[in-house]
Amino acid sequence: MRVLQLGKFYPFSGGIERVMYDLADGLSERNIRCDILCASVVGKGNLDITVNDKFSIYAANSYVKIMSTIISPSMIFELKRIMHNYDIIHIHHPDPMAALALFLSGFTGPVILHWHSDIIKQKKMLLFYSILQNWLLKRSKLVVTTSPLYLDGSPFLRDFKEKCVSVPIGVDKKVDAEDGSDIHLIKKKYSGRKIIYSLGRLIYYKGYEYLIDAASYLDDSYIILIGGGGPMYTLLQEQIKDKGLEEKVKLLGRVADDMMSKYYQACDLFCMSSIERTEAFGIAQIEAMSFGKPIVATKIPGSGVAWVNEDGVTGEKPQFFFLERYMDAYGKEMVQFIDAIENDTETPLGVEDGLKPVLMGLAAKKSVEEGRPVKISEIEF
């Protein structure tokens, strides 16, 4: 079996790109050929990168970025050139360029659509893209969402629920850093202060302006560190200066890959301040959980963020819950999905199977709160 993933851009920087990479890496470890085709960041040109003998990355030359979409005609021609080498195409949404490339390619095999989030802010883009988006939903054999809550709240998926499944995003199990010196240096730099850490692209839906405002209410025993680069860097830096918060909030810029785990381990608390449903899941929450860190996150209506980090729910070692307990199951589930599509058979489990344990959990919670037996039929979802 050979799988091609269509996605946004390289070098990888956002959550969707990281999910693509992890899936390709995981499938290649299971001896399944899985490659990635995406657009390269403007100015990078065509790139052909071999990760291992079962996993390569093809990044097509791009010319300009319009309404958060990289324009790459080369991606269309590259897909036409290589698509016959693959049995399945796994496309990641939202990405109008990838959808257009698939539409024009003439690929006739099965397509898996990974629905990471709705298009929310780019109303003009959605106006032009809606026809192609509907085509993509109809064309896809299977639609994968990241949480049942987001699936239930998306107006675009309402008519396609029979082909939708929810597969939460996982992360590699993070173990204690091989060298604790970097962690020590971070803690030493902010000695005597509790570190509140946040990580993500500096863009509108991350809500960092509100996190910066919140720093005004903290005493000097706290420091907020925000990791990541993006178009709002200068604006946020000016906000910090205007409010006189230079000693309370620090913008770290892009955090190097080898330092990601160090900041998670050094912090006392992780904060996700996102404000829009564009933040559909919040992978950084899972990463922070893998180090046993407490999480403070916003409750965004219709988003999976609060589903991942339910208010008041904790555990002795959260990393064991999400990673050791379920990571292998997630991997097997994806392989079964691919096998079902390739052989045109039913998947072993569907949306109803995923919904039942959720209803059981809600019934159990209601039973504890009200001190009485609660039937599942009493739960409205």
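The values are calculated or read from the model by the stated rules, or taken from the named source; none is laboratory data. Model, not experiment: these values are computed from the prediction. Cβ atoms come from the backbone with ideal geometry, glycine included; neighbour counts cover every protein chain shown.
Tell me, which residue of the stretch 298-338 that is modelled with pLDDT under 85 and among the hydroxyl-bearing types (S, T, Y) is nearest to L23 (Cα to Cα)?
That would be Y330.
Quick one: which of Y205, Y197 is within 15 Å of V296 (Cβ to Cβ) and of a type in the set (S, T, Y)?
Residue meeting the stated conditions: Y197.
For the stretch 222-270, which residues satisfy the criterion of being among the basic types (K, R) and more than 19 Å from the chain's Cα centre (by Cα)?
Within the stretch 222-270, K241, K243, K248, K250, K262 meet the criteria.
Going through Y217, Y210, Y264, Y204 one at a time, which residue ends up being over 25 Å from I16 (Cα atoms) and aromatic (F, W, Y)?
Y217
Please work out which one of (1) touching a Leu at 6+ places or on another chain (Cβ under 6 Å); (2) part of a loop (DSSP other than H, G, I, E, B); (3) not polar (S, T, N, Q) is the condition V255 fails and give its number.
(1)
Got a number for residues in the stretch 184-212 being part of a helix (DSSP H, G or I) and hydroxyl-bearing (S, T, Y)?
Initially, the stretch 184-212 is screened for residues part of a helix (DSSP H, G or I), giving 184-189, 204-206, 208-212.
Filter once more, keeping what is hydroxyl-bearing (S, T, Y): 204-205, 208, 210.
So the count comes out to 4.
Under 7 Å by Cβ, and 6 or more places apart or on different chains, what pairs join a residue from the stretch 278-302 that is in contact (Cβ under 8 Å) with a residue 40 or more places away in the chain with one that is in a helix (DSSP H, G or I) and of a type in the set (D, E)?
none
Select from the stretch 83-107 the residues that are in contact with a His (Cβ under 8 Å, 6 or more places away or on another chain) and either of a type in the set (D, E) or not in a strand (DSSP E or B) (or both) and list them in ascending order. Give the steps one after another, and end with the answer.
We begin by selecting, within the stretch 83-107, every residue in contact with a His (Cβ under 8 Å, 6 or more places away or on another chain); these are 90-94, 98-99.
P94, A98, A99, listed by residue number.
When you scan the stretch 337-381, how many residues do you find that are among the aliphatic types (A, V, I, L, M), part of a loop (DSSP other than H, G, I, E, B) and more than 24 Å from the chain's Cα centre (by Cα)?
Matching residues across the stretch 337-381 total 2.
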